[in-house]
Amino acid sequence: MCEENHTSRPPFKRRHLVFVTAVIVTMALSLQGCNLFTEDDEEPVVRETFLLGTLVRITVHEWEQGTDVEGALDETLVEMEKLGARVSVYEDESDVNRVNESPQTPIEVSEDTLHLLQTALQMNRETEGAFDPTIGPLVSLWGFYTGDYRVPDSEEIQHALQYVDASSVQVDPEARTVRIKEGMQLDLEALAKGLAAQRAEAALTERGVTSALISAGHSSVHAVGDGPGGRPWKIGLIHPRNLSEIYGKLQIRASEAVSTSGDYQRYFEENDTRYSHIIDPQTGRPGRTIKTITVLTDDSIIADALSTALFLFEPQEALQWADERGGVDVVIMTADGAVLYSEAIEDRLQLEDD
Amino acid sequence: MDRLHRAAGFLRQHIQPGDLAIIAAVAALALLAATLTGQLGGASQQPDQLRVLHLSEPPGQQTVLRVSLPTENTYTVRGDEGELVVEIDGYRARVKTAECPRLICVRTGWLHNPGDRSLCVPNQLVVELLGDDDEELDEILR
């Protein structure tokens, strides 16, 4: 009976089945396009601006109910720009430029500039001079400010080295003044990016944003809250010799910052030798022992300073330095391609197979 | 098991070989469409788009140029101070000429990889290559 009934069914039923299948397949694929299969329910809100000579990108993923995300971003950018106006070398009237234009004279600066400078000098002492906010004349000599790259001779290097000396910067915290010697140049850009990220975190959090990522340039990231749904943020580390691939993935959490320095970021080659933009304030020459280093810390102001400074260390020494200091973890690819990392981040680091 | 047998019997009665061909064709088409629109497929090493942002425009209206790669063409975009000529050669692109004081965007040279970008601060323009986003990653440090 049953058999007869089925075989006598009109053909439109078959067409129906085909139609349903097509609808299911199409729906499944478009759902994937809407990210319903991933953890993020909603498209993040992205905002970009030029700040401190680079592109700052804020990606907001989650917020409290009723938050005006666009308004929060507007106000956050205004605060960051105010900071930039005070501390950036790219702003004519900034504290740093006023100090640079009047050597030998104590110049009154803002609290922010004073704070950045004191942190910079502390980093200089902690890294035994590897980080130096007065490195400018050397960077300039090698042509990294203008793009007119060249290998200077020893005499030129010795001459420029006279003007690279963080210990000679005079700071009077009471009067809030800074004085540099003739021929010196102060640059607090690296630390200022970190302070800008901290300001942005405070501004966004205050206005109801609970999960966002702030990137300054390509090389530093600051986490506001955990990732969407409380997951850790996943940060890719670019391979220093194949810039379309990553060599590792690192997980970061709320209020943590990561910064990368590498010999592929800005460099030139002469006679088969690569000269990178990170110059050793002691030798006056680019670092050669590390291809790339990523620093993870909970203080974004020092993340950039430390990735720059530790890039100039021997790899094992950089690892040991971070271990001894505490609160700083590193991932290093050495000049010969070996990858070293702090034990504390073993669970958070995933290295790609070669 | 009985249920499975019944289901198999049901399908045998209702689907003919021709139907299977139609189902397969629909699935294949949907898959192809999804791949072409970038919803599927693994991480590609080559960029698939060039995008120019003009940051002086209000949020939501900042993308002033978006081009699928590969292609061969030059485009002129207007910034705050003047024009930028963007040259695309296959999967790579560069700012060929620019009206700005220091020409940092031009000096940046060819962009090759997804994420590579050339910035023109005076003109408030960002020229960047985009690729298949690795959905697993929130950001890539470079």
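The values are calculated or read from the model by the stated rules, or taken from the named source; none is laboratory data. The model shown is predicted, which means the values in this text are computed figures rather than measured ones. A quick note on method: Cβ atoms are made from the backbone with ideal geometry, for glycine too, and the neighbour counts reach across all protein chains shown. Side chains included, ligands, DNA and RNA excluded: accessible areas come from the protein's heavy atoms. Shrake-Rupley method; radii C 1.70, N 1.55, O 1.52, S 1.80 Å.
Side notes on the structure shown:
- Scanning region A:45-65 for residues that are part of a loop (DSSP other than H, G, I, E, B) and modelled with pLDDT under 95 turns up A:Leu52, A:Gly53.
- The condition (being among the charged types (D, E, K, R), open to solvent by 10 Å² or more (accessible area, probe 1.4 Å) and assigned to a loop (DSSP other than H, G, I, E, B)) is satisfied by just one residue among A:Arg288, A:Arg274: A:Arg288.
- Filtered residue count, region A:200-215, keeping only those that are open to solvent by less than 10 Å² (accessible area, probe 1.4 Å) and either in contact with a Pro (Cβ under 7 Å, 6 or more places away or on another chain) or not in a helix (DSSP H, G or I) (or both): 7
- Region B:84-140, residues that are charged (D, E, K, R) and away from chain A (no Cβ under 13 Å): B:Glu87, B:Asp89, B:Arg94, B:Lys96, B:Glu99
- Here the condition is being assigned to a strand (DSSP E or B), within 16 Å of the chain's Cα centre (by Cα) and not aliphatic (A, V, I, L, M); of B:Glu135, B:Glu128, it holds for B:Glu128 alone.
- Being touching a helix residue (DSSP H, G or I) at 6+ places or on another chain (Cβ under 9 Å), open to solvent by 30 Å² or more (accessible area, probe 1.4 Å), in a helix (DSSP H, G or I) and of a type in the set (Val, Ile, Thr) is a property that holds for A:Thr308.
- A:Thr119 being at pLDDT below 95 and either open to solvent by less than 20 Å² (accessible area, probe 1.4 Å) or not small (Gly, Ala, Ser) (or both): no
- Restricted to region A:223-247, and to residues there that are outside any loop (DSSP other than H, G, I, E, B) and more than 10 Å from chain B (Cβ to nearest Cβ), the residue that is farthest from A:Pro315 (Cα to Cα) is A:Gly229.
- So A:Val151, is it without any contact (Cβ under 8 Å) to a residue 60 or more places away in the chain, touching a strand residue (DSSP E or B) at 6+ places or on another chain (Cβ under 8 Å) and either of a type in the set (Val, Ile, Thr) or outside the structural domain of A:Gly337 (by TED's automatic domain parsing) (or both): no
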